[in-house]
Amino acid sequence: MREKYPLLQIIDQEGKWLDESNEEGLLEEKVKQFYYHMLRIRTYDQKGVALQRQGRIGTYVPFAGQEAAQVGSALALGNEDWMFPTYRDHGASLTFGADLDRMLLHWNGRIEGCLPSREKKIMPASIPIATHLPHATGAAMAEGYKGTRNAAIAYFGDGATSEGDFHEGINIASVFKAPVVFFNQNNGYAISLPVEKQMNSETIAQKAEAYGIPGVRVDGMDVFAVYFAVSEALERSRSGKGPTLIEAVTMRFGAHTTADDPSKYRDQAEVNRIRDQVDPLLRLEKHMKHRGIWEMAWRDSIETAIQDELEAAIKRMETYEQPAVSDMFDHVFAEPTWTIEKQKQRILSTGGSS
Ligand SMILES: Cc1ncc(C[n+]2csc(CCOP(=O)(O)OP(=O)(O)O)c2C)c(N)n1
Ligand SMILES: [Mg+2]
């Protein structure tokens, strides 16, 4: 099956074009945009882990290693498209236009963080695995009924492919030719479970066959390959041909979440050893050097701007108004039940401090 679903790559590990005819491929500006967003979300991710370790935010979900998959896919989207991310895809959400302040409030456990953007159609991160795939199909079908050319993208991991919602979401999208792209990031693990124990299929892309849709396997560490694969799938869906299943083969460098210790189930020293060889940012940097479009001064200037942006946002998060303890009862049901109301009144009568 690996022969049938070969890994799509545009640049090799050393950043060189695999097919010389691509030379003229992407404009310098676009390449710099890829690098900028990958550096921005990596810096944000490093801060996220540090903030959690310092007790300044709650549990955090790192995505280092998956930047090319998240940036390449998000930048392929059109302004009016829908994004359905998981808890690990905040890098993709930020790249697509999620509000940084809201994202930080999300990690800080604030209700305001639940809606990532007011402008873009970015759904709140799905914590339940795969439940958002049928939602993405529904949003895409609605766009189809309205006769727009807008599409939806659903992000999900290798573990999500074992869920019933994966099957339901893709099957109905295929039957109705919904304009949706199913974007899988195969990072090799569902928490501690390696993908070989998750499924007997050699690839995730081949699962597309069961639904009668195209399956594409792409190197998730190659931002160009991801960008082209997702752009092509989106174009296909916009022209009424239905969904595509994309498997981006990637790697998570860190823990599943800050509450996880990966050394319990994988050789973390080995991950750290090969990290630099497979790092998507270093690969893009090498590519830019080959093309003669790498400037250290430019790299330093964007890094400073990113650091400043993040520090200012973190400051705003930390001075953000504290929620009242009784607020927790306001978001349980649209109309509170009498038990919820009673508990709320009890808290309020103690001054909201118990
Ligand atoms: C319906 C459901 N079942 C179980 C869980 C617990 N859980 C949280 S993350 C996770 C693993 C998901 O792995 P994968 O789909 O590969 O995504 P990754 O975390 O690697 O990005 C599981 C089982 C959940 N959140 N939702
Ligand atoms: Mg996974």
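Measuring from label point to label point, each 7 Å out along Cα→Cβ, what is the Thr319 to Glu335 span in nm?
Result: 4.3 nm between the two label points.
If amide H atoms are built 1.01 Å from N in the plane of the peptide, which residues on other chains or at least 5 residues away come under 5 Å of the amide H of Tyr60?
Thr258, Ala259
Kirkwood Rh, the chain, all Cα pairs: how many Å?
With all distinct Cα pairs of the chain included, I get 21.4 Å.
Calculate, in nm to one decimal, what Arg266 and Glu295 gain on full extension: separation in residues at 0.36 nm each, minus their alpha carbon distance.
Separation in residues times 0.36 nm, less the Cα-Cα distance, equals 6.7 nm.
In bins 5 Å wide, starting from 0, what share of all Cα pairs of region 178-253 does each bin hold, as a percent?
Histogram of Cα-Cα distances, whole percents per bin: 3, 17, 24, 23, 17, 10, 4, 1.
Do you know the relative contact order of the chain, to the nearest whole percent, from alpha carbon pairs under 8 angstrom that are 6+ apart?
Relative contact order comes out at 22 percent.
Skipping prolines and chain starts, which residues have an amide H placed within reach, meaning under 5 Å, of the one on Leu7, given they are 5 or more residues away or on another chain?
none
Could you sort the peptides 291-297, 59-65, 163-169 by per-residue average Cβ neighbour count (10 Å cutoff), highest mean leading?
For the peptides 291-297, 59-65, 163-169, the packing ranking is 59-65, 163-169, 291-297.
Can you list the lysines whose alpha carbon is less than 18 Å from that of Lys177, not counting same-chain residues fewer than 8 positions off?
Excluding near neighbours in sequence, the set is Lys146, Lys207, Lys241.
Mind listing the long-range amide H neighbours of Thr86? Cut-off is under 5 Å, sequence gap 5 or more, other chains count too, H placed in the peptide plane at 1.01 Å from N.
Residues meeting the amide H criterion: Ser126, Tyr155.
Every read-out reported here was derived from the displayed coordinates using simple, explicitly stated rules and does not represent laboratory data. Predicted model only: the values in this text are computed from it and were never measured. Positions of Cβ are backbone-derived with ideal geometry, glycine not excepted, and every protein chain shown enters the neighbour counts.
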